[in-house]
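Taking it in order: structure first as structure tokens, then the write-up.
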Amino acid sequence: MDKRTLRERRRRKQLQLRRRKMIRLGIYGAGALLLAVFVIRGVIRPIVNRIVRQGAADEEAVQTQVSLADPDAAVRQPLKGVADLAKLTVMTSGWHEDESGRWYQNPDGTYFSGGFQSIDGVQYFFDPSGYAVTGWMTRGAKDYYFNDDGSYNPNKQRPVMALTFDDGPGEYTDRLLDCLEANNAHATFFMLGELVNEYPDTVKRMLELGCELGNHSWDHEDQTTLSLDAVEKQFSDTDNALQSVCGQKATVARAPYGAYTDEIIATVGKPFFLWSLDSLDWEYRDAELDYEAIMNDPTLGDGTIILMHDIHEPSVECAVRLIPDLIEMGYKLVTVSELAEIKNVRLENASYSDFWESSLISGLVPGYKGDAMSALPQTQDVITDSAAGTDESEDDPESEKTAADYENELFASESANPGGTSSSSFSSGDGEDTEDADYSDGDEEDSGEDAESEENYDDEEYYEEEYDEEYDGEDY
Ligand code: ZN
């Protein structure tokens, strides 16, 4: 072979090697690319997706929790089923009205149902079919009034009162329960443990009628003369007796003679109730006198707690006359715990004697959570297109601010007056004025009564006088 041929051959060989190398590199490159794609699609993306999805799921879980935590809030329902056929003819978002009432459609096609919902800063309540409720509505212990357009009217509040009966159960208690049942009214019974076993069916019936069980110690001894261990036994023995006859302990307590100390309340561990109106029934033992004493008492009014004794026949006779008459006057008769709920008070292991508006706004009632409007479930406000950009929508945050300011002032007054001295600036508060002006059921005496109860409150000695008087009384 000559040199040229050799060189040519070597050149070809090198070319061939280079080509192979290129092909190999190409294959490696393609392989690497495929591997990269595989890793990204098969491994990395699923992991990322899982993380993202987990986040969304967490968010969902939180949202579920929120909706579970507020059972009174309306839920969004998709339009579906026969019941919604009428609604399907109109698909624009906003308020709609048909022969059954007003309903609200969201831009996503859903509507509200089964709870409270704020729209343009106004509270509404939607029934299960999605229509805004109008007129009076009772939910739990509370009554709400909704105007003809469905908007909640916080100024219309039913005056409420709690009748309490001590020292029973007794032979006349069932007659009283008959009257409460016939009038759809509730009362609270502060009972003695030693009598509970004698009237097990009466106690059971109290619960069935929605009345409240109160603990009034075992045998009516003055608890301030006993050791705390003995006090604990007096109340726990009574609770055990109640539990054995009706399956429930007392939810509230009242000390015999209204005599207690902070240590006694802490030992018993229940909210303690005094009263704001003593009918003196234990002294009169006369149904007519009892009745007149209660009806003519200047403190009789919204938030009053009345003290009576169902072990005396004249007291029960008086109550049987009193109950329908108070209802006729527009009052709703509730248990002490219902009274607290209606007045937006979360009961604490403290002492309570009335739920008057004047006491509430003066910070005298432990656990008061602010005015009735703030007691509504907090729902996320929906702003309609029509309201956006108009003067109305500008008004909304302003009115909210006023409500918030009002509450701030309230808390400021609470912290400024921990002892509960009366602050005159609140007696002219907005809430009070409107409420006085607007008592619904033709209860003309109310405005006067409120003024009276404030007077009583301003007189700081009022409570002490009453307390001493009661304490000296023999028969509580
Ligand atoms: Zn008593």
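A few points about this structure:
- Applying 1/(1 + (r/R0)^6) with r as the Cβ-Cβ distance of THR261 and LEU25 and R0 = 60 angstrom yields a FRET efficiency of 0.05.
- Estimated FRET transfer efficiency (GLU313, LYS369; beta-carbon r; R0 45 Å; 0.05): 0.65
- Model label sites at GLU171 and THR5, defined 7 Å from Cα along the beta-carbon direction, differ in position by 14.5 nm.
- Cα-based shape type of segment 131-177, given that a ≥ b ≥ c are square roots of the gyration tensor eigenvalues and the cut on a/c is 1.5: prolate
- For GLY26, net neighbour charge (Lys/Arg +1, Asp/Glu -1) across residues whose Cβ lies under 11 Å away: +4
- Working value for segment 317-359: equivalent-ellipsoid semi-axes of 24, 12, 9 Å, each the square root of 5 times a Cα gyration tensor eigenvalue, largest first.
- Each residue, LYS13 and ASN106, gets one label point 7 Å from its Cα in the Cβ direction; the gap between the two is 8.0 nm.
- Per residue convex hull volume, Cα atoms of segment 225-294, in Å³: 121 Å³
- Placing R0 at 30 angstrom, the Cβ-Cβ distance between VAL75 and ASN184 gives a FRET efficiency of 0.50 after rounding to 0.05.
- Percentage relative contact order, segment 131-185, counting C-alpha pairs under 8 Å, at least six apart: 20 percent
- Estimated inter-spin distance, LEU289 and ASP201, nm [label 7 Å along Cα→Cβ]: 3.4 nm
- For segment 119-252, the square roots a ≥ b ≥ c of the C-alpha gyration tensor eigenvalues yield an a/c of 1.5 or more together with a/b exceeding b/c, which makes the shape prolate.
- Cross-link pairs LYS270/LYS369; LYS142/LYS233; LYS204/LYS369; LYS156/LYS249; LYS332/LYS369 - those with Cα-Cα distance over 28 Å: LYS142/LYS233; LYS204/LYS369; LYS156/LYS249
- Percent RCO, i.e. relative contact order, over segment 84-214, from Cα pairs under 8 Å lying at least 6 residues apart: 13 percent
- Over all orientations, segment 241-335 has a Cα convex hull whose mean projected area works out to 7.4 square nanometres.
The numbers here are math on the coordinates, done by the rules we state, and not lab data. Here the structure is a predicted model, which means the values were calculated and not measured. All Cβ positions, glycine included, derive from the backbone under ideal geometry; neighbour counts span all protein chains shown.
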